[in-house]
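Worksheet: one structure, shown below.
The values are calculated or read from the model by the stated rules, or taken from the named source; none is laboratory data. Everything quoted here is computed from the prediction, not taken from an experiment. Here Cβ is always computed from backbone atoms with ideal geometry, including for glycine, and neighbour counts include all displayed protein chains. Quick note on the areas: whole protein, heavy atoms, side chains included, nothing else; ligands and nucleic acids left out. Shrake-Rupley method; radii C 1.70, N 1.55, O 1.52, S 1.80 Å.
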Amino acid sequence: MSYRLEMGLAALLAAAIAVALWAANRSSRTPEFDLRASTFLNGPDGSKGLHDVLQRLGRLSERRRTSLANLATERAHRPAILVLNAPFMALEDDEVSQVVRFIRGGGAVLAVGSGGGMTRCAGLRTQRFVGREDSMAVSAPLPGLHLPETERVLTPLEPEDLAPPRLESLRKGAREQTTLGICNTLVPYAVDTVLAAINKRPVILRLLYRGEGTLTLAADRRWFTNRLWRDTDVPTVALPLLTPRRERPGRVAWDEYHQGFGEDEGPSLPGSTWHWMRSSPVGWAILQLIAVALVWLAMTAVRFGPARDVVERRRRSPLEHLEALGAGLESAEDADTAVRSLARGLRRRLSRERLMRDENMLPWLEGLELATRGPKGRAAVRRLQHLLTARDRGGESSRVLYAAQAVEDVWEELRPRPPSPTQTRNGS
């Protein structure tokens, strides 16, 4: 039966699914109004390109979609660099405490924008330019670099920013005091300005702490988005910030938990594909083709009508097996071995002892002749005796066949037979 039609339809179905997956991955899944700097988003304000660049360079880069509450205590999955790329949500107190412990333990943190509260924890804040000039050029560290202007710079916190506002609730005021208490232990011993504006105000600042931990602050969140990494030379300045130190190798972990992509909230390939197929005309056409192909497979898989005639295959009879064995032994051109093998096979089937080491078959055949009642069986035993002792080499080709026929006659005479139904009823 040919399976070409079924195989063709299965190949068509696989091709349709592959086209759907390709189209779903090719189309942009980022809404235009989504301004989060997430590595899951491939829009102009997303940061998916940064994650892809690190992977293409052969560096370990992963998306962290869990809370930072166990950052400093985990050992098997501890990152070398934690990136807080302008988180959409602020870090909780226990998370800030874990990040502080992570830095004091030798870890590296890159906080972009507010950093979920880590910029304030370091005693700094981002200040936006106000007035006619809403941005300012930066001093390029290398000649010939095309760097964009910055909209924000880093500046120390004002005294009124350190105290909690009076009009806030007691709970929020207590939270501010707790956060400031945690951050008081984070005191740098050196400050390195990586990039500054032309007015000497820092744009990217690296703070070094005891234990070889670092906290890098970047004021302008636009410098870590897909648009600027594609159109400017920002990667030349930013890639060293995303490179682990030789003495502390490991992976770069992008915090996606505070971007709103928890373990159950991130976009998945099957979900995105299904959404595209339901909302796109091409997707609907592919779904209809898949439905038609499945119905056609179901119809062609069931065979209607009477059963078809097939080639009858039956097992060989004992005589056919015996003649085939005799023909095989005869082709070896050793009739004596063939006849002895046939006789030994008969003795093995008729004797109660399965293993008999005596090679002399004549005494056993003499006793078998006396035990055989019918004249046909006794004549067959005598023929077998004669064939075992015959020395006439002229009829070698027919000698094996005669021995096989004699063994078959003896077997038909003496083989055990099951009791008939009449005997069974009489016996019962």
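Inspection of segment 115-127 finds no residue satisfying the criterion of being touching a Phe, Trp or Tyr at 6+ places or on another chain (Cβ under 6 Å) and under 19 Å from Asp255 (Cβ atoms). For segment 63-78, the tally of residues that are open to solvent by less than 50 Å² (accessible area, probe 1.4 Å) and among the charged types (D, E, K, R) stands at 2. Scan segment 240-254 residue by residue and report those that are part of a helix (DSSP H, G or I) and open to solvent by less than 40 Å² (accessible area, probe 1.4 Å). Listed by number, the residues that qualify are Leu241, Leu242.
Screening the candidates Ser398, Ser420 for the property of being modelled with pLDDT under 80, under 16 Å from Asp336 (Cα atoms), open to solvent by less than 60 Å² (accessible area, probe 1.4 Å) and of a type in the set (Ser, Thr, Tyr) yields one hit, Ser398.
Of the set (1) at pLDDT 90 or above; (2) closer than 23 Å to Glu149 by Cα, all apply to Phe129 but (1).
Let's see how each residue does on (1) out of contact with any strand residue (DSSP E or B) (no Cβ under 8 Å at 6 or more places or on another chain); (2) buried (at least 19 other Cβ atoms within 10 Å of the Cβ); (3) modelled with pLDDT of 90 or more; (4) assigned to a loop (DSSP other than H, G, I, E, B):
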| position | (1), (2), (3), (4) |
| --- | --- |
| Leu195 | no, yes, yes, no |
| Asn199 | no, no, no, yes |
| Ile204 | no, yes, yes, no |
| Leu207 | no, yes, yes, no |
| Gly211 | yes, no, no, yes |
| Leu215 | no, yes, yes, no |
